[in-house]
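One structure is given here, and the rest of the page talks about it.
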Amino acid sequence: MLLGRSRELAHIDEMLQCAADEAASAAVVVVGEAGIGKSALGDAAADSAAGRGTTILRTCGIESESTIPFAGLGDLLRPVQHLVAELPGPQAAALAGALALGPPASQDRFAVAAATLSLLAAASHGGSLLCLVDDAHWLDPSSAEALVFAARRMRAEASVIVFTVRADEPGAARFRDMDPLPLGGLDDAPAAELLARGAGRTLPPEVSARLLADTGGNPLALLEVPGQLSEDQLSGRVPILEPLPVGSLLMEGFLRRVRDLPDAARTALLLAATSDIEAADLVDRALRDGGGALDDLHPAEAAGLVTLDGGRLRFRHPLVRSAVYHAAEPARRRDAHRRLADALDDVPAPQAPDRQAWHLAAATVTSDDAVAAKLETLGRDALGRHSHAVATRALERAAELSPEPGDRARRLLAAASAAVPAGYIQEAVRLLGEAESWTDDPVAAAVAECERHRLGVWAGDAEASRARLFTFAESVEAVLPPVAVRAYLAAAQASLFTYDVAGIARSAERAAALAGDDDVVALRCDVFAAFAAAQSGERERAATLLARRRTQLAVHDTFEIDQLVTMSGVCHVAVEDTAGARPLLARAVEASRTANAAGLLAVQLPWLAALDWVDGEWTSALALAHEAVLLAPETGWLAQLPNSLSTLARVEAGFGMADECRAHAERAAHTAGGDATRAHAHAAVGLLELGHADRADEAAAAMERAWAAATEREPEPAPLLAAQLLPDLAEARLRAGHTAGAAEALARLDKVAANIDRHLARACSARLHGLSTRTGFATHFETALRHHDRGGPVFERARTHLAYGARLRRTRDRAAARTQLERAVELFERLGAAPWAARARAELVGSGGSAPAPNDLIELTLTPQELQVSLAVRKGLTNVEVASSLFLSVKTVEYHLSNVYRKLGVRSRTQLVRVLGEDRTARAPLV
């Protein structure tokens, strides 16, 4: 019977009951020190689940197995791997490749995570499912990533995942953002009962109190401590003077039992501790090769250290394995690894070549090219299965064992390359530095240095790394032009992050000049140059550059890390060519959805959301931006989070979602690495406040913060950024009564609008003159509307109609005012801009007009994920296709759809599409 864990077991039981009764899913992380009873709680949960008829899947992280790609995931899913064939094609291929059930699939690593979620949902079909992942801190990184991603996205799969982790282990950090269930020491009563079990009798009160205090109620310690004390100490006749630290006490207790074993049993036990799988036949073969037999383990089994059952060899507790392995002499450990490697030649085992390579590596103390080659093969295979963390470790160890400096440098470069998609940027920088020191090839050394500076941008040192890239590129121009080109392109990318328009242009120009006829480089240079031109307001130059590359970009790889297709789409938006932007951005997003490339979606989605904002498809913009905000931390693309947050905040500002907008803008401003992103975050709050007639002071304050962020390092921001901020800054100052400040901002806007070929800037300039001038305002507003006719956001056109109508009403030209205000109400309502529609409606009523009742906003009725599912259905996708594209299970899609039907009062997909309206992203912008 499990003592003293009724509260924790009840918590897990409640999750299991909800899974069985309501098909609800949940995940929990049981956190505690070694011996605290995490595994015992998992066993009790499994017993409870078995009583309900719940399907149970189990795996256990093993420290020595953390280098085997997807080892933990494969062990967990082995009983249900026959269901892989039922998954959507890309997911089935990705998971089959990861688990070595099929050839490696060239998918994003998160395709495996999405497939894991789908497979767990399939495994629970017709019932409920419990996944127990014991010692999850020792899972291989690829397995942990897939399971954490799946756990975060479960909703209606009738599945419960229980992870157990030791909080002090490095691998525990992967689970820190999940629902924790802390497991502390037992209370006094159950602790005393367990102590009596360990001692075989009830101990005197003073002895019991001392042991309870020293063990902190740790269950394993309570069972083991009595065996470490003399009879006199247990009876209280001799005091216990020395402290009893739990960890060292447990280790010493287990080692004392090991020391009492015969030599043959100790040898067998070390082989078992060294093995990274529980197959008894592997240890048996290794023993037989040395003249022993599996029977040698019987004394260890009798001592309660291991169990042999059903062909599996298990340790009583992970501490036993750790104690046996780490207490052995290094030479004996190496011998154990060597014997296990030899045994794997004849004993079938999952991923036997990988395991054999690691055992050989652990057995080798000097350079050995044969072992290094095996590890390099393992690393390449891991890359093919998108297990980048394992690939990094394998390739680095291969480098360490390489006898030739050139091979060592080459393998270190490969390890660094693998570390980047694994998210180990600092590790990659270190590996590149080592590669430089080992190579005598000046080209390889230069490439390593270039990459080191490039990665420094991603490692949080953007400004310094950008400067180093320029310096380095200039230093190698004459001797190594190809490397200089690489450095200049990296400098352009770094300059893009910081909105250094001049830096982008200079980098692209130098790279193009050095590359000559290299069309691949020329393509990149033209896109960078177009971006710089667009930010500078050089509309024609940017459009010309983009037109030159239209055919190439239409078929260019959307999965490359530089994201040229996405960047070119952003350029088209910047030059107000939304028709040219949509095919590029939509193609990139669609390709990533099809391939389950969640990491790339975190980069691409905010830009497609921004396009939808401009085109007036705000519902889609809200769903896309929210999805991007969720995916960025889930996929490790935290550098993309601020941009996604500021985009989401702006959309929420338009809808009038005040609390959400302020919260997301604050997060964006706090996490932003660039001045422009901080400026956009504050500007989103400024837009929110401008939507209310009585919050002029708050609007002005927010826009002052936005302008301060944009001009923190430079007195004049990039022209496009200035054009984006100055209209709302001028209007906020004007409405707050800061007339001098408003005039100054408007003068700046006039100057920017005169120097950049951008319809929106000129429309906003004219609108602000119409708001601020005493006479002749109609001319300015009519000018603004003519510029709106040429392109730009629907929302800004509606604002001009509102401002124009309000000025007309105040001059008592009510008939003309009603014409403008009716159009403003219509556009704001169609967008869902509730606060702006309310303002326009009030003005319309004040002018003697009749305003329609406000529409109910679907966006405020549905949760973000319900909205995402609904919009996917609007595109005509089946539930299976929706699930695959949104990284959800089919059951979760069905769950969200049932809620959507109930909330919106519809009964079918046809009715839902009718309520949502047509998909305007597929046609010309709303005007």
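Which of the residues belonging to segment 364-388 are in a helix (DSSP H, G or I) and either of a type in the set (Val, Ile, Thr) or within 26 Å of residue 311 (Cα to Cα) (or both)?
Taking segment 364-388 first, the residues in a helix (DSSP H, G or I) are 369-384, 388.
Selection gives 371, 377.
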* Asked: Of the residues that sit in segment 39-68 and are touching an Asp or Glu at 6+ places or on another chain (Cβ under 7 Å) and assigned to a helix (DSSP H, G or I), which one is farthest from residue 893 (Cα to Cα)?
  -> 64
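Please find, among 95, 130, 117, the residue that is of a type outside the set (S, T, N, Q), outside any helix (DSSP H, G or I) and closer than 25 Å to residue 19 by Cβ.
130
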* Test for residue 64: is it surrounded by fewer than 24 Cβ atoms within 10 Å (Cβ to Cβ), among the hydroxyl-bearing types (Ser, Thr, Tyr) and in contact (Cβ under 8 Å) with a residue 40 or more places away in the chain -> yes
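Residues to consider are 373, 382, 343, 398; find the one that is in contact (Cβ under 8 Å) with a residue 40 or more places away in the chain and outside the structural domain of residue 270 (by TED's automatic domain parsing). Lay out the reasoning, then the answer.
Numbers: 373 fails: in contact (Cβ under 8 Å) with a residue 40 or more places away in the chain; 343 fails: outside the structural domain of residue 270 (by TED's automatic domain parsing); 398 fails: in contact (Cβ under 8 Å) with a residue 40 or more places away in the chain.
Matching residue, one of 373, 382, 343, 398: 382.
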* segment 9-30, residues that are surrounded by fewer than 22 Cβ atoms within 10 Å (Cβ to Cβ) and closer than 25 Å to residue 192 by Cα -> 9, 10, 11
* Structure fact -> The correct count of residues that are assigned to a helix (DSSP H, G or I) and closer than 12 Å to residue 450 by Cβ in segment 470-486 is 11
* Filter segment 143-197 for residues that are free of Cβ contacts under 8 Å to residues at least 60 places away in the same chain, buried (at least 19 other Cβ atoms within 10 Å of the Cβ) and farther than 22 Å from residue 634 by Cα and give the result. => 192, 195
* Structure fact -> When restricted to 665, 639, 672, the only residue buried (at least 24 other Cβ atoms within 10 Å of the Cβ) and under 20 Å from the mean Cα position of the chain (by Cα) is 665
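Mind listing whichever residues of segment 457-482 are of a type in the set (Gly, Ala, Ser) and either modelled with pLDDT under 85 or over 14 Å from residue 497 (Cβ atoms) (or both)?
First, the residues of segment 457-482 that are of a type in the set (Gly, Ala, Ser): 459-460, 462, 464-465, 467, 473, 475, 478.
The answer is 459, 460, 462, 473, 475, 478.
Please go through segment 119-156 and give me each residue that is among the charged types (D, E, K, R) and under 21 Å from the mean Cα position of the chain (by Cα), ordered by number.
Within segment 119-156, 140, 145, 152, 153, 155 qualify.
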* Is it the case that residue 766 is under 15 Å from residue 723 (Cα atoms) and touching a Ser or Thr at 6+ places or on another chain (Cβ under 8 Å)? -> yes
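What helices (runs of 4 or more DSSP H) lie completely within segment 402-469 and have 2 or more residues being among the acidic types (Asp, Glu)?
Working: elements: 405-419, 425-438, 442-458.
Counting at least 2 such residues, we get 425-438, 442-458.
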* Structure fact -> If we take segment 244-361, then helices (runs of 4 or more DSSP H) inside it with 3 or more residues that are within 23 Å of residue 138 (Cβ to Cβ) are 246-259, 263-274, 280-289, 318-327, 330-343
* Could you say which residue among 544, 558 is polar (S, T, N, Q) and in a loop (DSSP other than H, G, I, E, B)? -> 558
* To do: Please tell me if residue 316 is buried (at least 16 other Cβ atoms within 10 Å of the Cβ), assigned by TED's automatic domain parsing to the domain that holds residue 276, farther than 17 Å from residue 65 by Cα and out of contact with any Asp or Glu (no Cβ under 9 Å at 6 or more places or on another chain).
  => yes
* Of the residues 75, 108, which is buried (at least 20 other Cβ atoms within 10 Å of the Cβ), of a type in the set (Asp, Glu) and part of a helix (DSSP H, G or I)? -> 75
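The values are calculated or read from the model by the stated rules, or taken from the named source; none is laboratory data. Quick caveat: nothing in here was measured; it's all calculated off a predicted structure. In this analysis, Cβ positions are derived from the backbone assuming ideal geometry, glycine residues included, and neighbour counts consider all displayed protein chains.
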